[in-house]
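What follows is one structure encoded as C-alpha cells, with my remarks underneath.
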Amino acid sequence: MNVFYEPPLNLYLSILLLGMAIGSFLFCIGRFKKSYHHAGEYSSAAWFIRGIRYLLISLTAGVWSASFFWNQRWLFIIGLVIICQELFEGAILSSALREGAKVEEGKKDFP
C-alpha cells in the first residue's frame with residue numbers, strides 16, 4: 001500500500017479521485033433535483049436516497065483524494081469506514097422503499 005503514497009503516483013491518484021468526487025457530486029445534484037420534481041410522489045424518496053448515495057461516494061472520494069495528496073493513511077481508513085457503513089444503510093433503505101412502491105402499486109400484498 002505504501003507504493004500508492006509515493007510521488008508521482010500519489011498525485012495522479014489524488015487528481016483521479018478528485019475528478020471522481022466532482023463527477024459524483026454532479027450526479028448527486030441531479031438526483032436531488034429529480035427528487036424535488038417528484039415531490040409528493042412515492043418515488044421522490046427513492047430519488048432522494050440515490051442522491052444521498054452519490055453524495056457519500058463524492059465525500060469518500062474527496063477524503064481519499066486528500067489522503068493521497070497529504071500522505072495521510074488514516075484518512076483512507078476513515079473513508080472506508082464511512083462508505084461501508086453508509087452504503088449498507090442506504091441499500092437497506094432502498095430495498096424497503098422498493099418493496100413499499102410495490103405495495104403502493106398493488107403488485108404485492110402488505111404482510
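Write down the Å³ per residue value for the convex hull defined by the alpha carbon atoms of the stretch 2-105.
82 Å³
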- With label points set 7 Å from each Cα along the Cα-to-Cβ direction at Q72 and S94, the distance between them in nm comes to 3.0 nm
- Query: Which value at 222 nm does the chain reach when only helices count, each DSSP H run of 4 or more adding -39,500 (n - 2.57), with the total divided by all residues and rounded to the nearest 500 deg cm²/dmol?
  - Reply: -29500 deg cm²/dmol
- For the stretch 58-94 and the stretch 41-55, write down the distance between their C-alpha centroids in whole Å. 20 Å
- So how strong a dipole does the stretch 2-105 carry about its Cα centre when Lys and Arg Cβ are +1 and Asp and Glu Cβ are -1, to the nearest 20 debye? 180 debye
- Between V81 and S44, what length comes free when the chain is fully extended (0.36 nm per residue of separation minus the Cα-Cα distance, one decimal in nm)? 10.5 nm
- Task: Provide, for q = 0.17, 0.27, 0.29 Å⁻¹, the log10 of I(q)/I(0) from a solvent-free Debye sum over equal Cα point scatterers in the stretch 1-44.
- Result: -0.59, -0.86, -0.90
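Bear in mind that the values in this text are calculations on the coordinates, not laboratory data. What you are looking at is a predicted structure, and each value in this text was computed from that prediction instead of being measured. Cβ coordinates were reconstructed from backbone atoms using ideal geometry, including for glycine residues, and neighbour counts include every protein chain displayed.
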